[in-house]
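Step one of this worksheet: look at the structure below.
The values are calculated or read from the model by the stated rules, or taken from the named source; none is laboratory data. Keep in mind that this is a model prediction, so the values were computed, not measured. Neighbour counts are summed over all protein chains in view; Cβ atoms, including those assigned to glycine, are modelled from backbone coordinates with ideal geometry. All accessible areas refer to the heavy atoms of the entire protein, side chains included, with ligands and DNA or RNA removed. Shrake-Rupley method; radii C 1.70, N 1.55, O 1.52, S 1.80 Å.
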Amino acid sequence: MKPQVYKDPRPESHFTRFHERVRKGRPDWVYELVRMVLTPYLLIVHRARALETHHVPEGGSAIVAPNHFSFLDHFFVAVYLRRKVNFMAKSQLFKPPLQFIYTHGGVFPVRRGFADEEAFKTAHTVLNRGDIVLMYPEGGRSRSGELGEPKRGLGRLALESGAPVVPTAIVGTHKARNWKRLSFPKVTVLYGEPVRFEKIENPTKEQQQAAAELVFERVKALYDGLREGGRKTAIQRAREAGRSAAEQAARAPVAE
C-alpha cells in the first residue's frame, strides 16, 4: 500500500486554471466519453447497481455525500445519474495527462494540507448555477476498509449554500482495485433521502461539524443496511432511516 501524501507542495497559483475551467461552465464531451468507456466495466466486472437514484434532485443545486474507499467511487456514484456531477478531488491527482480529463470532466482540486478557500469558491459557483457537487464527508479515502470520521467541510458547504445533501452509501469498493489478486467485488450504491438545512451565512465551526455528523450518521445507516441486509432489504431500511434523519435535521440547532 502506497503511503498517502497529506500535503501538496505546489503553490496555490498552480491550481488556479483548474478552478477557472470548472467555474466557467459545465462538464463537456469528456464527461460523456469517460462515462461511455467506463460503464461496461462497472456493469460487467463489478456488477454495479445503484438504488434509489430518484433521491438525487432532477434539477437545482445538490450535494452528493458518499463514503469513500476507492478512486473509482467517483465513477460508481455518477454513472447511473442522468445529471452531470462535479467532483471535489485531492490536488495530488492533478498531474499530466489525466488533469485534462479531470477539469473537462467536472473535477476540481482541494489542495491537500491547506485550508483551501478556492475549493469552496468553486463548489459554491457550481451550486449557484444549479448543478451537483460531490463531496466526501470523510474528507479523504479510508484505507482501513471501515468508515472514517466526518470532517466539518461538508457541513460548511451545506449550511453556507442551503443546498440539499444526498447521503450516499457505497459498498464493495474497498477491494475494487485489487486487480493483481483478481478481486472484482460486487458494488452497490444507495442514495438516501436528501437532508436539508436552513442556509446560514457564516456558520460556526461547531455548526459545521454538527451538520456534517448528522449527514454522516445517515450515510452510516445506509451503509450498514447494505452490508447487513443486502440489496433486497436496504431500500426499506434506507427509507426508515430517511424519515429519522429528516426529523433530526428539523430539530438540529444548526438549522435554526
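Rounded to the nearest 10 Å², what accessible area does Phe184 have for a 1.4 Å probe in the complete protein model?
70
Greater than 21 Å separation of Cα atoms is the criterion. Which listed pairs, Lys24/Lys84; Lys7/Lys95; Lys84/Lys151, meet it?
Lys84/Lys151
Among the GluC sites (Glu not before Pro) in region 13-113, which ones are in a DSSP loop with at most 11 other Cβ atoms within 10 Å of the Cβ? Mind listing them?
Glu58
Can you give the Kirkwood hydrodynamic radius of region 114-204 from its Cα pairs, in Å with one decimal?
That comes to 15.1 Å for region 114-204.
Compute the relative contact order of region 1-143 as a whole-number percentage, counting only Cα pairs closer than 8 Å that sit 6 or more residues apart in sequence. Each step should come with its number before you reach the end.
Working: 182 pairs, mean separation 55.2, N = 143.
Averaging sequence separation for qualifying contacts and normalising by length gives 39 percent for region 1-143.
Report the chymotrypsin sites (Phe, Trp or Tyr not before Pro) located in region 1-94 that are in a DSSP loop and have at most 15 other Cβ atoms inside 10 Å of their Cβ, or state none.
Sites meeting the loop and neighbour criteria: Tyr6, Phe71.
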